[in-house]
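S.K.: First, the structure itself, so that you have it in front of you.
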């Protein structure tokens, strides 16, 4: 038995060392498609097949990007957008997590709250936007609240789901070991629900980005969304592309952050990794 | 506190919408302080249910169960429980699983956890996660986790049932060692006749539908016992006869 486990450990060590090169390889594979698209785009633009008015060439977009950064305009827009996204995500995410825990832990609060929350969830966010603007105006509050609403539901749902999937058998163990109510939550329910909660955070982040764009396109005087809208009215296609790329990068970076958290916090998981 | 278990007129019925199953029927049993008792019987005789009642995991039954001079109404770490599956927390490594809700930072707990890791022969695996352990190793972690709480009674529900023969023998010997050292009261549910004779002072043979005690066979062999000895064989045939002797409803065996 012990020799077998030693062999297993050895296997693990080998896996650790090959991980690095595997990681590099998978990054390489992931970048093939974007690189091909970029080259084709640039080539088609230079030859003149793609109309420059609608498809600024990648080179021009990069130049515009550098210009925007150097003028400080980009920093200003990005800062306000990130602040909105962060505040909205923090507010909605926190409430989603909190309510998810309350409803997940107590049958009674589920009966009281869950039907209403589920009903609200089915309303398309864009349909609520006009109401938000009427109630809270075009200022920061309506934007942050819209983002919060978008971030709320995924985290609420996943937290609730994760808590309800906690193994009854492990709950029995917690009873035998005399876990206090608090320990049951912090040492059993939350760790067991963590895979779902982290998934909820990822989904909430992407919802937050989406709501940010909606809020800024609808009416704002600053922010990356405003920058896009403003550039559109002046037919500055390159600036529109820069804005889109900024959103894509921000989304990807925040997603990678959660992925990193997942890899770190869920290393105990024994799941299929092809 | 004396860890004598008194099971008095205990009945248990499982009900669902259209039928109710009578699992335990006016069961009486006394387990003395420091005694090693095994409960054996066909599947469905309610032996695991009885163990859960003693643990306090299920309080919906008739009759009374006393542990020492306290009535059992809820689970307690004084009555350790080892399940058929190891039931370790998959997100905790070996030492944290053993410590559970006790702080590993405290020197006395740290020391006792280390001692237990040595006792269950898991040195070098303190930081391993359950997914990296074999079935036998995981079950040893579960045993260490129960022992850390210094239980007066250890309840074991077919703890070695899912293990291979070598690991099982090894763990049975380890359990006897622990019993002889700590004088813990042991109640072990099994379907393995050899295991019951090898381990216990008293074998409780149960009958199914409804679950009741058919016979109590005292095993007065000195430890360590050899499975191949003549006396061991005789006990085996005594218990086997008790198990097979099924007066009325023979067809019940075909479940």
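Bear in mind these aren't lab numbers, they're just calculated from the coordinates by the rules spelled out. Please read all numbers here as calculations on a predicted model, not as lab measurements. Backbone-built Cβ (ideal geometry, glycine too); neighbour counts: all protein chains shown.
S.K.: Considering only the range A:188-197, state which residues are buried (at least 19 other Cβ atoms within 10 Å of the Cβ) and more than 9 Å from chain B (Cβ to nearest Cβ).
M.R.: A:189, A:193, A:196, A:197
S.K.: Cβ-Cβ under 6 Å, sequence separation 6+ or interchain: first residue in the range A:68-84 and touching a residue at least 40 places away in the same chain (Cβ under 8 Å), partner exposed (fewer than 13 other Cβ atoms within 10 Å of the Cβ) and outside any helix (DSSP H, G or I). Which pairs?
M.R.: none
S.K.: Suppose we keep only residues that are facing chain B (nearest Cβ under 8 Å) and outside any helix (DSSP H, G or I) within the range A:166-187. Which one would you say is nearest to residue B:99 (Cα to Cα)?
M.R.: Only one residue tops the list, namely A:177.
S.K.: Shifting gears a bit: Restricted to the range B:122-132, and to residues that are in contact with a helix residue (DSSP H, G or I) (Cβ under 7 Å, 6 or more places away or on another chain) and surrounded by 14 or more Cβ atoms within 10 Å (Cβ to Cβ), which residue is farthest from the other protein chains (Cβ to nearest Cβ)?
M.R.: B:126
S.K.: Does at least one position in the range A:135-153 carry a residue that is farther than 25 Å from residue A:118 by Cβ, away from chain B (no Cβ under 14 Å) and crowded, with 20+ Cβ neighbours inside 10 Å?
M.R.: Keep residues of the range A:135-153 that are farther than 25 Å from residue A:118 by Cβ, which gives A:137-141, A:143.
Still in the list and also away from chain B (no Cβ under 14 Å): A:137-141, A:143.
Remaining after also requiring crowded, with 20+ Cβ neighbours inside 10 Å: A:143.
Yes.
S.K.: Next question. Quick check: anything in the range B:178-193 outside any helix (DSSP H, G or I), out of contact with any strand residue (DSSP E or B) (no Cβ under 7 Å at 6 or more places or on another chain) and closer than 30 Å to residue B:109 by Cα? Walk me through it before giving the result.
M.R.: Our first condition is that a residue be outside any helix (DSSP H, G or I); within the range B:178-193, this holds for B:183-192.
Subset that is out of contact with any strand residue (DSSP E or B) (no Cβ under 7 Å at 6 or more places or on another chain): B:183, B:192.
Filter once more, so that each one left must be closer than 30 Å to residue B:109 by Cα: B:183.
Yes.
S.K.: I want to confirm something. Restricting to the range A:132-152 and keeping residues that are over 25 Å from the mean Cα position of the chain (by Cα) and in a helix (DSSP H, G or I), which single residue is farthest from residue A:187 (Cα to Cα)? It would help to see each step written out before you state the result.
M.R.: If we filter the range A:132-152 for residues that are over 25 Å from the mean Cα position of the chain (by Cα), which is where we start, we get A:134-137.
Now drop any that are not in a helix (DSSP H, G or I), which leaves A:134-136.
Working: A:134: 44, A:135: 42, A:136: 40 Å.
Among those residues, the one meeting the criterion is A:134.
S.K.: Confirm whether residue B:17 is over 30 Å from residue A:185 (Cα atoms), more than 10 Å from chain A (Cβ to nearest Cβ) and touching a strand residue (DSSP E or B) at 6+ places or on another chain (Cβ under 9 Å).
M.R.: Working: over 30 Å from residue A:185 (Cα atoms): yes; more than 10 Å from chain A (Cβ to nearest Cβ): yes; touching a strand residue (DSSP E or B) at 6+ places or on another chain (Cβ under 9 Å): no.
In short, no.
S.K.: A further question follows. Among residues belonging to the range B:148-170 that are touching a residue at least 40 places away in the same chain (Cβ under 8 Å) and within 12 Å of another protein chain (Cβ to nearest Cβ), point out the one that is nearest to residue A:177 (Cα to Cα).
M.R.: B:149
S.K.: Exactly one of these conditions fails for residue B:139: (1) touching a helix residue (DSSP H, G or I) at 6+ places or on another chain (Cβ under 6 Å); (2) within 14 Å of another protein chain (Cβ to nearest Cβ); (3) over 16 Å from residue A:174 (Cα atoms); (4) touching a residue at least 40 places away in the same chain (Cβ under 8 Å). Give me its number.
M.R.: Here residue B:139 clears every test but (1).
S.K.: Of the numbered conditions (1) under 18 Å from residue B:91 (Cβ atoms); (2) part of a helix (DSSP H, G or I); (3) in contact with a helix residue (DSSP H, G or I) (Cβ under 8 Å, 6 or more places away or on another chain), residue A:191 fails exactly one; give the number of that condition.
M.R.: Single failed check for residue A:191: (3).
S.K.: Same structure, new question: Can you tell me which residues in the range A:154-165 are within 14 Å of chain B (Cβ to nearest Cβ) and part of a helix (DSSP H, G or I)?
M.R.: Let us first name the residues in the range A:154-165 that are within 14 Å of chain B (Cβ to nearest Cβ), namely A:162, A:165.
Across the range A:154-165, the qualifying residue is only A:162.
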